[in-house]
Amino acid sequence: MFSQLGHLPMDFLLIVAAVILASLGFIAGRLKAETFAFAGEERTHSRPNSHGYYVLMWALVPAVTILLAYVAFAEPLSKAWLRRELPAGFSVLSRGELASYLDAVARAAHIKGLVTGEHVFDTVTTRYDEILGTVNLATLGLVAVLSGVSLAWARARLGPRFRARVHVESGLEWFLFLCAALAIATTVGIVASLVFESMRFFAVVPATDFLFGTEWNAQTNAAFGALPLFFGTFMISFFAMLVAAPVGLYAAIYLSEYAGAKVRAVVKPILEVLAGIPTVVYGFFALLVIAPAVRAGALWLNTSLVEWGLAHGPVFAAQPTSALAAGLVMGIMVIPFVSSLSDDVISAVPQSLRDGAYAVGATKSEAVRQIVLPAALPGIIAALLLAVSRAIGETMIVVMAAGHRARISPDPTSDLTTITVQIVALLTGESEFDSPKTLSAFALGLVLFLVTLVFNLVALGVVRRFREKYE
Amino acid sequence: MDGSAAGNEVVVTPEPAGTLALGDAPRMDCRNVNVFYSGKQAIFDVSLPIPDRSVTALIGPSGCGKSTFLRCLNRMNDTIEGCRVEGEIIMDGKDINSPVIDPVLLRSRVGMVFQKPNPFPKTIYENIAYGPRIHGLAQGREDLDEIVEKCLKRAGLWEEVKDRLTVPGTSLSGGQQQRLCIARAIAVRPEVILMDEPCSALDPIATARIEELIDDLRKRYCIVIVTHSMQQAARVSQRAAFFHLGKLVEMGDTDQIFTSPRDRRTEDYITGRFG
């Protein structure tokens, strides 16, 4: 029966164990507290529930710690054990070969009853399975013993004067702190992996070639000059902001200054729904509606310009996918970011300033243009910067509507490619993780991260200064 | 106290043949003004003549409608959604609520100073120059400079800020900001200045300066001031009107209101029995 237990999914078992221990701890703590809570003359320091939570806390700490340790160490530990038992013949394998062999064994062991027919491999797999079972069983035992001891110790401390409530409060604080720390640790981890992989890339390709080279042909490992990608990203973001900045800003002014309460109650949520549409849907729209329209317009201009005698041949490339199409749709996508944030900052301008403007005989548009907007300007700039960083990082629309050709071309109707499109292209499909081709994706990711980080930091700084001004 | 004042009906006392003559005609004459906020009535049938070149104080407990009434005089209530004003407010023979009156022009003639100083987030100079500029009152830069200087002098702020006209108006102290707002109001050459508790956010010294200023401005302008402070009303005003629950209870010369009020409620209020 126990050997069967060892083969259940361990993570699940450990979580069940933690829940059981927690419940036991709470009940044990509360029951003991009740024996003295209502008995003596003396008033107890903490309520019975606090005593219960205190024991629960101490029952959980070892269980959760072991669960995390298990996730991190169980497999490496089992592999190390197995390696020591391998027959002498395996010593001809190099470190790397041995590691991938063991990986294969571990994968096979996860698929129960898999028999490849290859005798040695099957034997090793079976042995690995046994070892893993033992490790699992030992882990469960360890959880039971350590948590049990911890629980008993906590329970023994309880008493009428024991300050259980204080301990529980500080325990909660620690828990909350760990949650916050997790988010930060994840960010740091992502940045670290980006930096680490990028350094491996820059060991092969000089950073100057990457940053200033004008030819990009990563798929064949031929050229890693990322300038065309930066150009494409910049161009498409530029078109996006050309749409989003005025439309979003005017929408915000209308909503915050002119729209009545009823109109606002309807329009604002609709505008915000726009932000919730999955970008892949915008991608369809770009590909099926806007890109053909841009192309048709470019073709018409090409023939017309020749007819009018302004040109001797086609002026525009008129590609089926184009920077302009992707930029326009991306602009529509970021409108809600601009309008919603700007609406907030415009609404935050104190009514007293508007009153002051009206009181010297300003008209509505004078008050808005000359008093309200200048007061809200820092916040509006922040909104625009956030929208830009959003546009730079956007992937799906450009993958579908901008094309894949890396080049520097001022023609908005020609196809371009962006940083994000290339990252997707480089990391999808078959890829080995130490060729410059895949590593270049990390370098691109790092550039993207740094650029958007700078935009966001500047925007946040601007917003903060604005907040200080009006409480 | 006479019997008619004991009831709850509006008592508009007849104009006393007092010391302060109204002149030929009041600067603004309010007749049967009613104000509704989203259908709920806030001002009930108020009739109040406002004499020129003197200070009229509107007094009364919180929520009595004195600020609402003040905002009728330059149609600031237009900016509040769901607010409706009935009755006549006559200025120069015309009802300011009639469709032929442009509220923007009206507000350039009837200026306003608010409870909390609200300088624009611009320089001191721009704060004053803003109004004359949008109304085209200045011929050129020199003319504008002159207006700014004159208004700041009249508001008693010139000596304190003449060397730093380019610093933001928001960097001044509370009392200075309020004087800046008064200078801003007189820069558009109004005929009437409305003040909505202009000293409630200021310390006693700053308050004293504003009160001196009001007394000085009275020589040129018609001033209507809303105040919570009985002492302030007594110090700065020549005429006083007591509001209670949206109704005008009593009006008259300030001396008379404070020494021999005709209505019981006025007496209770100014002696501090309620409010």
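The values are calculated or read from the model by the stated rules, or taken from the named source; none is laboratory data. Small disclaimer: the values here were computed from a predicted structure and weren't measured. Every residue, glycine among them, receives a Cβ derived from its backbone with ideal geometry; neighbour counts consider all protein chains shown. Each accessible area value is taken on the protein alone, full model and side chains, heavy atoms only, with ligands, DNA and RNA left out. Shrake-Rupley method; radii C 1.70, N 1.55, O 1.52, S 1.80 Å.
Projecting the Cα positions of B:156, B:140, B:199 onto the charge dipole of the stretch B:113-270 (unit charges on Cβ atoms of Lys, Arg, Asp and Glu, taken about the Cα centre) puts B:140 furthest along the positive direction.
With 0.36 nm allotted per residue and the present C-alpha distance subtracted, the residue A:203-residue A:142 stretch has 17.4 nm of extension available.
Shown here: the stretch A:2-162, whose C-alpha atoms stretch 77, 27, 17 Å along the first, second and third principal axes, sorted largest to smallest.
Please report, to two decimal places, log10 I(q)/I(0) for chain A at q = 0.06, 0.10, 0.11 Å⁻¹ as given by the Debye formula with identical point scatterers on the Cα atoms and no solvent. The computed values of log10 I(q)/I(0) come out as -0.51, -1.04, -1.09. All other residues whose Cβ lies under 13 angstrom from that of residue B:101 are scored, Lys and Arg at +1 and Asp and Glu at -1, for a net of -1. The C-alpha atoms of chain A define a longest principal axis, and helix A:261-276 lies at about 70 degrees to it. As a length-normalised measure over Cα pairs under 8 Å and 6 or more apart, the relative contact order of chain A settles at 16 percent.
Positive contributions from Lys and Arg (+1) and negative ones from Asp and Glu (-1), summed over other residues with Cβ under 9 Å from the Cβ of residue B:74, come out at +4. Label 7 Å along Cα→Cβ of residue A:299; the stretch A:306-343 residues with amide nitrogen under 20 Å? Correct set: A:306-308, A:311-326.
Note on the stretch A:317-397: Kirkwood hydrodynamic radius from all Cα pairs is 14.7 Å, rounded to one decimal. Against the empirical curve 2.2 N^0.38 Å, the C-alpha radius of gyration of the stretch A:126-242 lands at a ratio of 2.05. In square angstrom, what is the accessible area per residue of chain A with a 1.4 angstrom probe? In whole numbers, chain A has 53 Å² accessible per residue. Between the helical axis of A:323-348 and the longest alpha-carbon principal axis of chain A there is an angle of about 80 degrees. Quick one: check the C-alpha center-to-center distance for the stretch B:152-198 versus the stretch A:219-297, whole angstrom. About 45 Å separates the Cα centre of the stretch B:152-198 from the one of the stretch A:219-297. Using only the alpha-carbon atoms, how far is helix A:48-85 inclined from the longest principal axis of chain A? Give it as 0 to 90 degrees, nearest 10. Long axis of A:48-85 versus the principal axis of chain A: about 90 degrees.
Atom-type composition of the exposed protein surface of the protein assembly as shown places 63 percent of the accessible area on carbon and sulfur (1.4 angstrom probe). Counting Cβ atoms of other protein chains within 10 Å of each residue's Cβ and taking the mean over peptide A:368-377 gives 2. Summed over all non-identical Cα pairs, the Kirkwood treatment of the stretch A:371-422 gives a radius of 13.0 Å. Among A:416, A:287, the sequence by solvent-accessible area, most first, with a 1.4 Å probe is A:287, A:416. Each Lys and Arg adds +1 at its Cβ and each Asp and Glu adds -1 at its Cβ; summed about the Cα centre, the protein assembly as shown shows a dipole of about 980 debye. With a threshold of 31 Å on the Cα-Cα distance, the over-threshold entries among B:116/B:219; B:66/B:162; A:364/B:40; B:153/B:247 are B:66/B:162; B:153/B:247.
As a ratio to 2.2 N^0.38 Å, the alpha-carbon radius of gyration for the stretch A:208-469 is 1.17.
Per the accessible-area calculation with a 1.4 Å probe, the total area buried between chain B and chain A rounds to 1600 Å².
Taking label points 7 Å from Cα along the Cα-to-Cβ direction, residue B:274 and residue A:453 give a separation of 6.7 nm. For the pair residue A:123 and residue A:435, the difference between a 0.36 nm per residue extended length and the Cα-Cα distance amounts to 108.9 nm.
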